[in-house]
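Below is one structure, written out as structure tokens; the observations come after it.
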Amino acid sequence: MNATFLVQLVLNGLSFGALLFLMASGFTLIFGLMRISNLAHGAFYVVGAYVAVVTVAATGNFWAGLVAGGAVAAAVGLLVERGLLRRVRNREMPEVLITVGVLFVLTDVVLAIFGGDARSVNAASGAPSGALVVGDFAYPQYRLFIIGVTVVIGLLLFALQRYTRIGAIVRAGVDDREMTSAMGIDIDRVFTYVFVFGAVLAGAAGAIGSGLLSLTPFSGTEILLFAMVVVIIGGLGSVGGAAVGAILIGLIDTVAKVYVPELSYFTIFAPMALVLVLRPQGLFGRTA
Amino acid sequence: MLTVENLHAGYETARVLEGISLTVEDGESVALLGRNGMGKTTLVRAVCGLRPPTVTADSAAVDAASGGTRSRVTFADTDLLALPPHEITGTGIGLVPQGRRVFGSLTVEENLGMVGGRRKKGNGKTQRWTIPRVFEFFPRLEERARAMARTLSGGEQQMLAIARALMTNPELLIMDEPSEGLAPTVLEVIRERLTQLRNTGLSVLVAEQNVDFALAISDRVFILGEHGSMAWSGPSETLHDDPEPLHQHLGL
Ligand SMILES: Nc1ncnc2c1ncn2[C@@H]1O[C@H](COP(=O)(O)OP(=O)(O)OP(=O)(O)O)[C@@H](O)[C@H]1O
Ligand SMILES: [Mg+2]
């Protein structure tokens, strides 16, 4: 194994990890605030991805696809939250069942419209394509672009959480939802914001991911599984944990798929099981 | 100002308050006493809109049993039972909950800055509370401004819980066992601050187990007794002169 190959492997892992982070950060925030395992997150990914594919096919512009994917995912997220989840607030079983139902129904709707064949975004204008060549080292620019975009989003998210009042309110909500509302905050409104924000991130992940991974109506369910492993490793409710978990799982999965492809799911579930045994609250989770 | 009338409240597993009435007048400080588990917190939570407990507001059975009046909680003529907690805070009620419940992963400053309620408006009577003003009131909090609230001592957390409630610019401050677990010196600081607050015209409702502390900061006392009813009420002074009701209802 030479150094070039190693660098490529790491970058592949990081770019996959970047997608996982976009999924996992919204998922973990929604869980932290409202204690909902929002399986509909997988549907937001698929919706964002297919809207992006259609938009890019129509306009030939990657950025139009990204914006459209994020926007439609946001609208779907808003409908799910205001129309369904809000009606069963604080009743765990109906909440989970609704999110599962949304995932299944939307996956099937996408399947009915687009069929089950794998697709991907064709080289669209706007998105970096082709290879970055440095000496005899060549690497797809699109993957570097994904890493760059995600780093920017991650830093913005961090700054928002750490330095703004709304960020403090969200963290307060994660700490103690009831006291947050007793301090005059409309926690339901905050939850709607966070839920829609998470949907935007998932939709954007779909739009970006459709240029990287093959896309079928079931891609959302698949990446949701990875994102949940990331969140469990990082600690439910922790965005920093989601970042670390996403990098870990992105790297592990990429390396494992090259060297031990027959063990692919084992290699992500084994670290998760290990974390659950040694540190049940996750690497960055707080003990209740 | 605050009127609790014939309040019935409880949990799925237990009926706790069975027709409680209590008032806090404008500028008055009222103590709510009662032994462990008599329902002080239940009353506080019902007033602040925190659920559970469920308030049986319009059950016909309750109405008949209590001579036809429903559970009513009003504050400045607003029906609180119809409001969610954040709107109740918006009417001018600040809560210092039992166990302090400051936001542990926020700094002291963030705990103060996140509140809603009348943060921007003020309560229309006294000077509006701001972070600098709160720091002047509790200098200890300014020293710990950047510390995570979970790293504060119990006394500091209690100051923060009070300061946080003040930031909503309340007209009525409701405190649930503020003395719990505090060293006497710290308790003395809190008592002094509360006296200062009362002098500005702030109304206070304080649920307490610590009778000396409660009597020191209140004008009037209500004692919750067995069976979810009010066992005694009267001016604090009466109890200074004749503590018999304390013996009888609190087992002192
Ligand atoms: N969430 C709940 N579910 C069921 N029962 C409860 C709940 N909270 C309190 N209770 C019961 O209601 C009764 C009144 O409790 P409450 O907390 O109001 O008492 P308290 O006077 O505040 O006591 P303390 O002085 O210990 O704080 C108790 O018997 C308690 O066990
Ligand atoms: Mg209590």
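The values are calculated or read from the model by the stated rules, or taken from the named source; none is laboratory data. Predicted model, so just to flag it, every value in this text is computed and none were measured. Counting neighbours? That spans all protein chains shown, and the Cβs are built from the backbone with ideal geometry, glycine included. What goes into the accessible areas is simple: the full protein's heavy atoms, side chains included, and nothing from ligands, DNA or RNA. Shrake-Rupley method; radii C 1.70, N 1.55, O 1.52, S 1.80 Å.
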Tell me, please, whether a residue that is among the hydroxyl-bearing types (Ser, Thr, Tyr) and assigned to a helix (DSSP H, G or I) can be found in the range B:177-194.
yes
Could you name every one of the helices (runs of 4 or more DSSP H) located completely within the range A:9-128 that has at least 1 residues being of a type in the set (Gly, Ala, Ser), touching a residue at least 60 places away in the same chain (Cβ under 8 Å) and open to solvent by 30 Å² or more (accessible area, probe 1.4 Å)?
A:41-59, A:62-79
Reported set for the range A:139-187 where residues are facing chain B (nearest Cβ under 8 Å) and open to solvent by 40 Å² or more (accessible area, probe 1.4 Å) is A:Arg165, A:Asp175, A:Glu178, A:Asp186
Is it the case that B:Val30 is buried (at least 18 other Cβ atoms within 10 Å of the Cβ), at pLDDT below 95 and within 16 Å of ligand 1 (Cβ to nearest atom)?
no
When you scan the range B:13-27, how many residues do you find that are more than 9 Å from ligand 1 (Cβ to nearest atom), of a type outside the set (D, E, K, R), farther than 25 Å from B:Asn199 by Cα and buried (at least 18 other Cβ atoms within 10 Å of the Cβ)?
2
Considering only residues that are part of a loop (DSSP other than H, G, I, E, B), in contact with a strand residue (DSSP E or B) (Cβ under 9 Å, 6 or more places away or on another chain) and within 12 Å of ligand 2 (Cβ to nearest atom), look in the range B:33-52 and name the one that is most open to solvent (accessible area, probe 1.4 Å).
B:Arg35
Which residues, counting only those in the range B:140-180, are open to solvent by 40 Å² or more (accessible area, probe 1.4 Å), away from chain A (no Cβ under 13 Å) and more than 18 Å from B:Leu32 (Cα to Cα)?
B:Arg140, B:Glu142, B:Glu143, B:Arg144, B:Thr151, B:Ser153
Return only the number of the condition from (1) at pLDDT below 80; (2) hydrophobic (A, V, I, L, M, F, W, C); (3) open to solvent by 40 Å² or more (accessible area, probe 1.4 Å) that B:Ala76 does not satisfy.
(1)
Take A:Gly135 and decide whether it is over 22 Å from the mean Cα position of the chain (by Cα), at pLDDT below 95 and more than 14 Å from every other protein chain (Cβ to nearest Cβ).
yes
Just checking, which of A:Ile36, A:Ile147 is in contact with a helix residue (DSSP H, G or I) (Cβ under 7 Å, 6 or more places away or on another chain) and modelled with pLDDT of 90 or more?
A:Ile147
Only helices (runs of 4 or more DSSP H) wholly contained in the range A:153-270 count here; list those with 1 or more residues that are within 20 Å of the chain's Cα centre (by Cα).
A:165-175, A:187-209, A:219-234, A:239-259
